[in-house]
Amino acid sequence: MRHRSGVTDDAEKTTPNPQPIPAWAEGLPPTPAWTDLERKTAYENPWVTVTEHRALAPTGNEVLYGVLRPKSVATGVLPVHSDGTVTLVGQARFALMNYSWEMPEGGAPFDEDPFLGVQRELAEEAGLKARSWRHCLTMELSNSVTDEMAMAWIAWDLSPVPTDPDPTEVMTVVRVPFLSLIHEIGRGAVRDSFTVATAYRAYHMAREGLLPGWLAHAMLTRV
């Protein structure tokens with residue numbers, strides 16, 4: 001079902017729901033949890049806060065624990081064209097000093113609907129807007145060291161709009177067959193975890209009938 005705007009219903013379910021319990025965990029006895037005894041801010045800038053905690057581990061041992069706390073929800077979108085190709089962006093990343101191929105990604109401040117944020121990133125980075133969206137994934141990106149949450153969508157019915165990259169970004173925009181993306185992930189040429197997880201989820205959705213049939217056929221047959 002579509003709204004008059006052309007956006008699919010499930011695209012608007014953008015607030016992360018409480019984490020469901022896996023079927024295999026039903027009925028298992030509760031396990032000890034971490035206890036936060038004391039915290040202090042070790043570092044802060046406009047995008048992240050690093051907190052240091054005196055904590056009690058589930059084993060009962062007291063430890064110091066550091067947590068990176070981004071000030072936004074990570075958002076990403078895999079834009080799929082009618083011929084089964086997808087748009088990716090390439091850019092240099094600072095932390096690993098490498099070049100990374102990714103789907104359009106960004107962050108939505110906590111006071112912004114993540115769906116509005118991801119629409120903005122699609123336009124700014126890839127120069128695209130989409131009439132149809134499907135929310136496909138909610139992730140904890142690296143839950144041993146950060147509380148960052150990520151939400152991803154698949155988008156189609158695409159049309160061009162002007163790009164508007166961040167002043168620090170020099171991007172290369174490419175359009176490649178979806179199965180080529182899957183192949184390059186397998187080779188280790190695409191390593192961005194958010195892109196990898198979303199691409200594999202999109203592959204699963206295409207195979208399991210969770211996307212429109214014509215779109216799934218184009219994604220799975222074009223090489």
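Once both labels are modelled 7 Å past Cα along the beta-carbon direction, what's the Thr41-Leu28 spacing in nm? According to this spin-label approximation, the distance is 3.7 nm.
Order the peptides 33-43, 66-76 from the highest to the lowest mean number of other Cβ atoms within 10 Å of their residues.
Working: 33-43: 11.0, 66-76: 18.5.
Result, highest mean Cβ count within 10 Å first: 66-76, 33-43.
The mean accessible area for residues of the range 99-223, using a 1.4 Å probe and ignoring ligands and nucleic acids, is 50 Å² per residue. Of the candidates Ala130, Ala108, Ala189, which one comes out as most mobile in a Gaussian network treatment of the chain with C-alpha springs shorter than 10 Å? So, out of Ala130, Ala108, Ala189, the one fluctuating most is Ala189. Mean sequence separation of contacting Cα pairs (under 8 Å, at least six apart), scaled by the length of the chain, corresponds to a relative contact order of 21 percent.
Helical content of the chain, expressed as a calculated mean residue ellipticity at 222 nm, amounts to -6500 deg cm²/dmol (DSSP H runs of 4 or more residues, -39,500 (n - 2.57) each, divided by residue number, nearest 500).
Between the range 122-145 and the range 19-66, the C-alpha centres lie 26 angstrom from each other.
For the chain, carbon and sulfur atoms together expose 56% of the accessible surface, with a 1.4 angstrom probe and every protein chain in place.
Looking at the chain, send over the antiparallel percent of its DSSP beta bridges, to the nearest 5.
85 percent
The values are calculated or read from the model by the stated rules, or taken from the named source; none is laboratory data. This structure is a prediction, so every number in the text was calculated from the model and none was measured. No Cβ is skipped: glycine too gets one built from the backbone with ideal geometry, and neighbour counts run over all protein chains shown. To get the accessible areas, we keep the full protein, side chains included, count just its heavy atoms, and leave off ligands, DNA and RNA. Shrake-Rupley method; radii C 1.70, N 1.55, O 1.52, S 1.80 Å.
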